[in-house]
1. Name the residues in region 25-70 that are at pLDDT below 95, of a type in the set (A, V, I, L, M) and open to solvent by less than 30 Å² (accessible area, probe 1.4 Å), would you?
2. Among the residues of region 247-277 satisfying the criterion of being surrounded by fewer than 21 Cβ atoms within 10 Å (Cβ to Cβ) and acidic (Asp, Glu), which is farthest from the chain's Cα centre (by Cα)?
3. Could you check region 222-239 and list, in sequence order, the residues that are touching a helix residue (DSSP H, G or I) at 6+ places or on another chain (Cβ under 7 Å) and over 15 Å from Val143 (Cα atoms)?
4. State which residue is farthest from Tyr292 (Cα to Cα) when the search covers only region 24-78 and only residues that are outside any loop (DSSP other than H, G, I, E, B) and among the β-branched types (Val, Ile, Thr).
5. Looking at Val212, Val184, which one is within 16 Å of Pro269 (Cα to Cα), hydrophobic (A, V, I, L, M, F, W, C), crowded, with 20+ Cβ neighbours inside 10 Å and touching a residue at least 40 places away in the same chain (Cβ under 8 Å)?
6. Can you tell me how many residues in region 79-116 are in contact (Cβ under 8 Å) with a residue 40 or more places away in the chain, in a helix (DSSP H, G or I) and within 19 Å of the chain's Cα centre (by Cα)?
7. Of the conditions (1) open to solvent by 40 Å² or more (accessible area, probe 1.4 Å); (2) within 24 Å of Tyr21 (Cβ to Cβ); (3) touching a strand residue (DSSP E or B) at 6+ places or on another chain (Cβ under 8 Å), Val128 clears all except one; give me its number.
8. With respect to Arg200, is the statement that it is under 18 Å from Gly132 (Cα atoms) and among the basic types (Lys, Arg) true?
Amino acid sequence: MNDLHSSRPLFSFGVITDVQYADVPDGRSFHGVPRFYRGSLAALNEAIASWNDQGSDLSFVIQLGDLIDGRCPRDQAPAAAREVVAAFDKFRHGRVYHTIGNHCLYNLSRGQLQEILRVDGSFYYDFVPHPGFRFIVLDSYDVSVLGGSSRDHSSRAMALLDAKNPNVDKNSPLGMAPEQQRFVAFNGGIGDAQLQWLDRKLREAEDRNERVIIACHIPILRESTYDDTLLWNAEEVLRVIHRYDRCVVASLAGHKHDGGEGVDEKGIPHRVLEAVLECPPGENSFGRVDVYEDRLELLGTGRMRSATVFFR
C-alpha cells in the first residue's frame, strides 16, 4: 500500500446531513425527487450503528442541519426532533455537534431547538477536536425570515427578500437572474456580529497555527451548489475567510441534497454532502472523515461520495 494512505489519521469523525425525519407518508420535492420521511430515521440509526462498530477511532459526529422536515406537523415537531436526537445519543464514542438548518426552523422556534439540541447559547460556535485543528460552525439562518437570531435580524431578512425577490411566493426564484436566485425564504445569511466573531476566531487560529474546517448548513461557494441554495451573503463570508492565508483548509455544507464540490479562488475546497432524506429503503448517505497532517479523507457510504482533500 502507498505510504500516503497507510499512515494513521490524527483523528476521525462522522458526518451526516439533511435527515429531515417526519412521521408522514413518503413524498417528493418541488422538483419531483422522491423523499423518504419515515425511512430517514432508520437510515440514521444504521449510520450510528456503523460509527459505533468502528470503535473509539471516531472522536465525534457532526450533523450539518435539517433534523426534521417541514412537512412534520407543528404539534408533532418537538417529539420528532427529540426522536432524532435520541438516535444521535446512541453514538458511544464522543459528542454530536449540531448545525441549524431551514427545516429545523419551519415548525420549531430557536428556543425549542436550543432545549432539544442542548445548545447553551449561540448556534454558531467553535471547538478544538485535536491539537492544531479547529472547527468553526456557522449559523446560516442568523438573518432569516424563518426565525432569525433576533427580531431585528428577522425584520432585516424580510426587507432584503422584498427588495431582492419580486415573486409573491418568496420560496420561488422564478424569473430571477442566476446571481439573485439565492434570495429565497429557505435560505438565510450571516449577521454582522457573527461575521466579526468569525474574523476573531480565524485570527486566533492563524496566530496559533491551527487548521480550520468550516461547517455550515448552506453552502458558501457558488461553484459548489445551485444558484438557489447559496448563502445570501456568501461573498462577504468568503472575504473574511480569505483575509487569513493559511488556516482554513476545508468547508463542509448540506442543503443541496445531491451534493456538490468546488475550490475557491484561494484554493480552499468546499464539499456539499449528500442528503439522507432522498435515500430509498436499503440505501443510505453518511461518512467518516479521517484527518491527516496534509489532507482529509472522506469515506462515504451509499450516496455520499468519497473524496480526498489535500490541504493548501
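The values are calculated or read from the model by the stated rules, or taken from the named source; none is laboratory data. Here the structure is a predicted model, which is why all the values come from computation and not from measurement. Note that each Cβ is placed from the backbone with ideal geometry, even for glycine, and that neighbours are counted across all protein chains shown. Heavy atoms of the whole protein, side chains included, go into the accessibility calculation; ligands, DNA and RNA do not. Shrake-Rupley method; radii C 1.70, N 1.55, O 1.52, S 1.80 Å.
1. Within region 25-70, just Leu58 meets the criteria.
2. Filtering region 247-277 for residues that are surrounded by fewer than 21 Cβ atoms within 10 Å (Cβ to Cβ) and acidic (Asp, Glu), the one farthest from the chain's Cα centre (by Cα) comes out as Glu265.
3. Arg222, Asp227
4. Step one: filter region 24-78 for residues outside any loop (DSSP other than H, G, I, E, B), giving 27-28, 34-35, 39-53, 55-63, 68, 74-78.
Pick out the ones that are also among the β-branched types (Val, Ile, Thr) and you get 48, 61-62, 68.
Working: Ile48: 23, Val61: 17, Ile62: 18, Ile68: 33 Å.
Across region 24-78, the extreme among qualifying residues is Ile68.
5. Values: Val184 fails: within 16 Å of Pro269 (Cα to Cα).
On inspection, the qualifying residue turns out to be Val212.
6. Qualifying residue count, region 79-116: 7.
7. Of everything listed in (1) open to solvent by 40 Å² or more (accessible area, probe 1.4 Å); (2) within 24 Å of Tyr21 (Cβ to Cβ); (3) touching a strand residue (DSSP E or B) at 6+ places or on another chain (Cβ under 8 Å), Val128 misses just condition (2).
8. On the way: under 18 Å from Gly132 (Cα atoms): yes; among the basic types (Lys, Arg): yes.
Yes; evaluated as a whole, the condition is true for this residue.
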